[in-house]
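Structure record follows, encoded as structure tokens.
The values are calculated or read from the model by the stated rules, or taken from the named source; none is laboratory data. The shown structure was predicted, so the numbers you read here are calculated from the model rather than taken from an experiment. Virtual Cβ from ideal backbone geometry, glycine too; neighbours counted across all protein chains shown. We work out accessible area using only protein heavy atoms, side chains counted, and drop any ligands, DNA or RNA first. Shrake-Rupley method; radii C 1.70, N 1.55, O 1.52, S 1.80 Å.
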Amino acid sequence: MLLRRIYQFMMIYGLGVLCLLALKMVADLSDYVIPGLDTLWHTFREVAWRYTLDVWDTLRVAMIGQVLSIGLALLVGIVGRQATWFGSFIKVAAYNVQAYPIVAIAPIIFILLGDGFLSRLLIAAMICYFPLLLSVVGIMSQPIPDIEHFYRQTGRMRWQLEVKIRAFENLSKLTTVIVGSATLAMAGTIVAEFIAAGAGIGYSIRIALYQSDLAKILVALFMIGITLSVYQGVLERAGHWVKQVWSG
Amino acid sequence: MLLECRNINFRYPGNEALLFQELSLVIDTPGFHALFGPSGVGKSSLAKIISGQLTAEQGAVRYHNDGRVLYGYNLERLPGWSSVGRHLERVTPAHHRSLKEALIEAFGLAEVMDRHFSRLSLGQQNRINLLRYLVQDFNALIMDESLANVDEKTREQILLTIKEMFPDALFLYISHNVVEVAAFCRQILVLRGLHKMPRVVTVQGQDRMKGREIDRQGLQQTMLEIMNAA
């Protein structure tokens with residue numbers, strides 16, 4: 001799983017770079033617009049370590065934001081699973097808020113909280129929270145009649161058991177959703193850094209953009225891709241492990 | 001009167017046509033009875049109305065002294081996070097522990113107690129599911145094709161065991177096997193098509209018990225009556 005994700009990313013990244021080089025050749029573009037392989041390699045050696053630290057900084061924020069989002073989505077999803085007015089309210093609110101581009105709120109957050117850690121964390125959490133919430137509410141409000149019937153018939157059904165049954169039966173789906181939300185959390189953090197923060201790989205990309213240095217941007221994308229592939233692979237493996245342990 | 005359905009009217013939401021119109025039936029005695037009829041005639045729907053899972057638009061279901069009616073069906077599953085043995089332990093009331101052990105033995109399930117439900121054959125799954133209902137406190141149990149995937153010999157043994165161990169309970173067995181319902185059931189309530197009146201016809205079955213051989217001529221007669229009624 002982990003290795004597959006990494007080599008899939010490497011292939012896509014390689015194809016992307018080849019396309020750029022082909023464009024450079026066809027349009028006869030200068031090294032200033034699209035750098036050659038030697039410039040790319042030189043830049044990689046120059047900034048790789050610094051960018052690695054930047055990506056780790058971004059990933060740290062994304063991970064904390066994702067964990068917060070997962071916790072909150074589970075909490076609200078469990079409460080909102082019921083066919084009560086509150087459950088309906090949660091679903092309608094989540095659908096509507098999810099349809100709004102949360103990143104557009106980022107400037108307000110930066111104005112109110114400054115350009116530090118908290119702003120990045122909040123934006124990362126908000127961007128991955130609503131899609132997560134929708135999935136969790138969807139999973140938790142979907143009955144598993146073949147299993148739940150007995151407990152309802154015999155008066156043994158409690159909310160904890162209901163949540164346990166639905167979570168267990170949808171563990172693969174939940175894992176996929178959590179793995180997918182890692183990308184959202186990372187994207188949210190990078191966008192936040194890109195807009196106004198003073199740290200992280202998004203900030204480094206912003207600097208490279210001001211310098212019109214495509215080589216640095218490509219190196220940054222490589223670092224982000226590799227790190228995210230490893231993180232998602234680890235999450236997938238963790239989901240697989242949880243399922244194995246839980247299923248006995 | 002032990003169980004009575006009187007003038008039941010029922011239709012599923014969104015359907016204009018009534019599934020049951022003025023449907024009435026009575027079961028007077030405990031024992032092993034059957035609900036028989038062609039597919040789609042409404043056996044499971046009627047069972048759900050009797051067990052209180054569906055509500056009739058009109059009419060009433062009455063059980064003697066408001067006894068507890070349970071409804072189990074053959075597609076049910078046990079949660080996958082523990083073995084069937086642990087699951088049974090958790091859902092068996094303390095005063096039915098010895099009953100559970102006796103049923104495990106009688107149903108031939110002792111070997112599978114440490115396995116997970118999904119790793120059992122369909123027949124074993126059916127038996128485990130039925131067993132967990134039998135160890136509950138109930139006055140009536142509706143068995144909706146509960147032994148559908150069990151082989152004939154084991155099914156026969158299970159039915160005879162249930163009849164012997166639960167003489168005071170009422171069972172309503174839903175099955176498409178005419179030989180089986182004719183041989184083992186006391187009353188066979190034949191649920192007929194929408195346009196046939198009356199909707200329910202009662203046929204007396206052979207009510208086979210342990211150690212009592214069945215009268216072959218009588219069995220054939222019962223089967224003919226069931227088929228004619230259907």
Sole exception among (1) over 25 Å from A:ALA199 (Cβ atoms); (2) open to solvent by 50 Å² or more (accessible area, probe 1.4 Å) for A:GLY16, by number: (2)
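Of the residues A:GLY87, A:GLY65, A:GLY71, which is open to solvent by less than 60 Å² (accessible area, probe 1.4 Å), assigned to a helix (DSSP H, G or I), more than 14 Å from every other protein chain (Cβ to nearest Cβ) and under 30 Å from B:ARG90 (Cα atoms)? Give the derivation first.
Working: A:GLY87 fails: under 30 Å from B:ARG90 (Cα atoms); A:GLY65 fails: under 30 Å from B:ARG90 (Cα atoms).
So the residue among A:GLY87, A:GLY65, A:GLY71 that is open to solvent by less than 60 Å² (accessible area, probe 1.4 Å), assigned to a helix (DSSP H, G or I), more than 14 Å from every other protein chain (Cβ to nearest Cβ) and under 30 Å from B:ARG90 (Cα atoms) is A:GLY71.
For residues that are under 22 Å from B:HIS176 (Cα atoms), out of contact with any Lys or Arg (no Cβ under 7 Å at 6 or more places or on another chain) and facing chain A (nearest Cβ under 9 Å), scanning just the stretch B:70-79, find the one that is surrounded by the fewest Cβ atoms within 10 Å (Cβ to Cβ).
Initially, the stretch B:70-79 is screened for residues under 22 Å from B:HIS176 (Cα atoms), giving B:70-77.
In the following step, the residues that additionally are out of contact with any Lys or Arg (no Cβ under 7 Å at 6 or more places or on another chain) were identified as B:70, B:72-77.
Next cut, facing chain A (nearest Cβ under 9 Å) only: B:70, B:72-73, B:75-77.
Numbers: B:LEU70: 18, B:GLY72: 25, B:TYR73: 21, B:LEU75: 14, B:GLU76: 23, B:ARG77: 19.
Step by step, filter the stretch B:70-79, then rank; the result is B:LEU75.
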Kindly evaluate B:SER83 against the criterion of being out of contact with any strand residue (DSSP E or B) (no Cβ under 9 Å at 6 or more places or on another chain) and either of a type in the set (Ser, Thr, Tyr) or over 30 Å from A:ALA167 (Cα atoms) (or both). no
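Of all residues in the stretch A:19-55, how many are outside any helix (DSSP H, G or I) and either open to solvent by less than 70 Å² (accessible area, probe 1.4 Å) or touching a residue at least 60 places away in the same chain (Cβ under 8 Å) (or both)?
The first filter runs over the stretch A:19-55 and keeps only residues outside any helix (DSSP H, G or I), leaving A:27-36.
This time we only want the ones that are either open to solvent by less than 70 Å² (accessible area, probe 1.4 Å) or touching a residue at least 60 places away in the same chain (Cβ under 8 Å) (or both), so: A:27, A:29-30, A:32-36.
Residues flagged as outside any helix (DSSP H, G or I) and either open to solvent by less than 70 Å² (accessible area, probe 1.4 Å) or touching a residue at least 60 places away in the same chain (Cβ under 8 Å) (or both) within the stretch A:19-55 amount to 8.
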A:VAL242: passes all of (1) more than 22 Å from A:LEU132 (Cα to Cα); (2) modelled with pLDDT of 90 or more; (3) within 14 Å of another protein chain (Cβ to nearest Cβ) but (1)
Residues being more than 17 Å from B:PHE107 (Cα to Cα) and aliphatic (A, V, I, L, M): count how many of those fall in the stretch B:131-188. 13
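Looking at the stretch A:201-211, can you tell me whether even one residue there is in contact (Cβ under 8 Å) with a residue 40 or more places away in the chain, more than 14 Å from chain B (Cβ to nearest Cβ), open to solvent by less than 50 Å² (accessible area, probe 1.4 Å) and over 29 Å from A:ARG50 (Cβ atoms)?
Of the residues in the stretch A:201-211, the ones in contact (Cβ under 8 Å) with a residue 40 or more places away in the chain are A:201-204.
From what's left, more than 14 Å from chain B (Cβ to nearest Cβ): A:201-204.
Those still in the list that are open to solvent by less than 50 Å² (accessible area, probe 1.4 Å) too: A:201-202, A:204.
Those left that are additionally over 29 Å from A:ARG50 (Cβ atoms): none.
No.
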State which residue is farthest from B:ASN15 (Cα to Cα) when the search covers only the stretch B:39-66 and only residues that are surrounded by fewer than 21 Cβ atoms within 10 Å (Cβ to Cβ) and within 14 Å of another protein chain (Cβ to nearest Cβ). B:GLY52
Is it the case, given these coordinates, that B:GLY123 is within 14 Å of another protein chain (Cβ to nearest Cβ) and either out of contact with any Gly (no Cβ under 8 Å at 6 or more places or on another chain) or surrounded by fewer than 19 Cβ atoms within 10 Å (Cβ to Cβ) (or both)? no
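Do we find that A:TYR7 is part of a helix (DSSP H, G or I), more than 19 Å from the chain's Cα centre (by Cα) and farther than 22 Å from A:LEU133 by Cα in this structure?
Spelling it out, A:TYR7 is indeed part of a helix (DSSP H, G or I), more than 19 Å from the chain's Cα centre (by Cα) and farther than 22 Å from A:LEU133 by Cα.
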